[in-house]
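The values are calculated or read from the model by the stated rules, or taken from the named source; none is laboratory data. Just so it is clear, the structure is predicted and the values come from calculations on it, not from any experiment. With ideal geometry, Cβ positions are generated from the backbone for all residues, glycine too; neighbour counts draw on all protein chains shown. To get the accessible areas, we keep the full protein, side chains included, count just its heavy atoms, and leave off ligands, DNA and RNA. Shrake-Rupley method; radii C 1.70, N 1.55, O 1.52, S 1.80 Å.
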Amino acid sequence: MCQPMLAQLLQKRPGLEIDLLASKWVLPLAERMPEVSETIEGPFGHGDFDLRGRWRLGRSLAARGYAQAFVLPNTLKSALVPFFADIPLRAGYVGESRYGLLNILHRPDRKNPPPMVERYLALAGKPGEPLPEIPRTRLNVSGTNLARTLAGLSLAPPSDAQPVAVLCPGAEYGPAKRWPAEYYADLAHKLGEAGFSVWLMGSQADKTVALAILEARPGCAVDLCGRTDLASAIDLIAAAHVVISNDSGLMHVAASLERPLVALFGSSSPKHTPPRSDKARIEYLAIECSPCYARVCPLGHF
């Protein structure tokens, strides 16, 4: 969702070098963005403040002489490294008393919050100026890595004669964002009857829901949850003929790769984090209590 912002920066200043500092798990995604020159691992766990570690990282980056930093998260701790790195221009949204840590302050529209892509895109301009047209972006894929991954997983290469449907049944935020496992099982069964090979994709955290799908319909799909790294998952999704996904990170990957996509929204809002693709179809009931952003629905909604 930040990639259009990076593309906009390059449109404004061709030849600009953009380095991306992020957690280790997301670096394979950043490495597939053609806008990114270099990735830098942020060695901090979720919720880990580690003031001394952030100071050390900032001082190590100071020698690079960065002209500007864009801080996407809203937390105070995320603004510390650019400050410690003596980067002269530091842009981000007001939040958690970050005055001084940031010196180009954007103010969010709390009454009518824009989609996340637009929220990030605004950082590429001056505070308050109109948004440009959202640049179209795409992730790079590796045919060599795809072939190696297919061989390692004993999977046949997708083809028109052997089409592949990828199902992404997980959502780490919580079960209220997940279409029920038995529905995915029925869908996988029907896709198999239509001649598709069906791959279940997600992280190790999605293994439980994948096993529930296979228990409901034994043999309906191949469980790849937790068996690929993010880079390999990107290549596998790029080869798919269709993707069906909950509102999750892999949904956005499929959209960026312009795969035919059905995006399922439950407790979250397609106005906030929609898939950015002309080949995506959103399914959303829009019941009266949604979006609630609850992890677990007390009313049993999915």
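Assorted remarks:
Here is a yes/no grid of residues against (1) in contact (Cβ under 8 Å) with a residue 24 or more places away in the chain; (2) in contact with a strand residue (DSSP E or B) (Cβ under 8 Å, 6 or more places away or on another chain):
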| site | (1), (2) |
| --- | --- |
| 222 | yes, yes |
| 227 | yes, no |
| 235 | yes, no |
| 238 | yes, no |
| 248 | yes, yes |
| 264 | yes, yes |
| 277 | no, yes |
| 282 | no, yes |
| 292 | yes, no |
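- Residues satisfying the stated conditions in the range 112-130, i.e. loosely packed, with under 13 Cβ neighbours inside 10 Å and closer than 28 Å to residue 278 by Cα: 112, 129, 130
- Evaluating residue 70 against the criteria (1) part of a strand (DSSP E or B); (2) without any contact (Cβ under 8 Å) to a residue 60 or more places away in the chain; (3) buried (at least 17 other Cβ atoms within 10 Å of the Cβ); (4) not aliphatic (A, V, I, L, M) leaves one unmet condition, (2).
- Test for residue 203: is it among the polar types (S, T, N, Q) and farther than 26 Å from residue 268 by Cα: no
- Every condition in (1) open to solvent by 40 Å² or more (accessible area, probe 1.4 Å); (2) touching a residue at least 12 places away in the same chain (Cβ under 8 Å); (3) under 17 Å from residue 5 (Cβ atoms) holds for residue 106 except the one numbered (1).
- Here residue 96 fits the description: more than 20 Å from the chain's Cα centre (by Cα), assigned to a loop (DSSP other than H, G, I, E, B) and not aliphatic (A, V, I, L, M).
- For the range 1-21, a tally of residues being touching a Ser or Thr at 6+ places or on another chain (Cβ under 9 Å) and modelled with pLDDT under 95 returns 1.
- Matching residues, the range 239-265, being farther than 19 Å from residue 26 by Cβ and open to solvent by 20 Å² or more (accessible area, probe 1.4 Å): 239, 241, 242, 258, 259, 260, 262, 264
- If you check 203, 245, 197 for being under 19 Å from residue 172 (Cα atoms) and modelled with pLDDT of 95 or more, only one passes: 245.
- Looking across the range 27-46 at every residue that is outside any loop (DSSP other than H, G, I, E, B), open to solvent by less than 30 Å² (accessible area, probe 1.4 Å) and among the hydrophobic types (A, V, I, L, M, F, W, C), the one that is farthest from residue 255 (Cα to Cα) is identified as 40.
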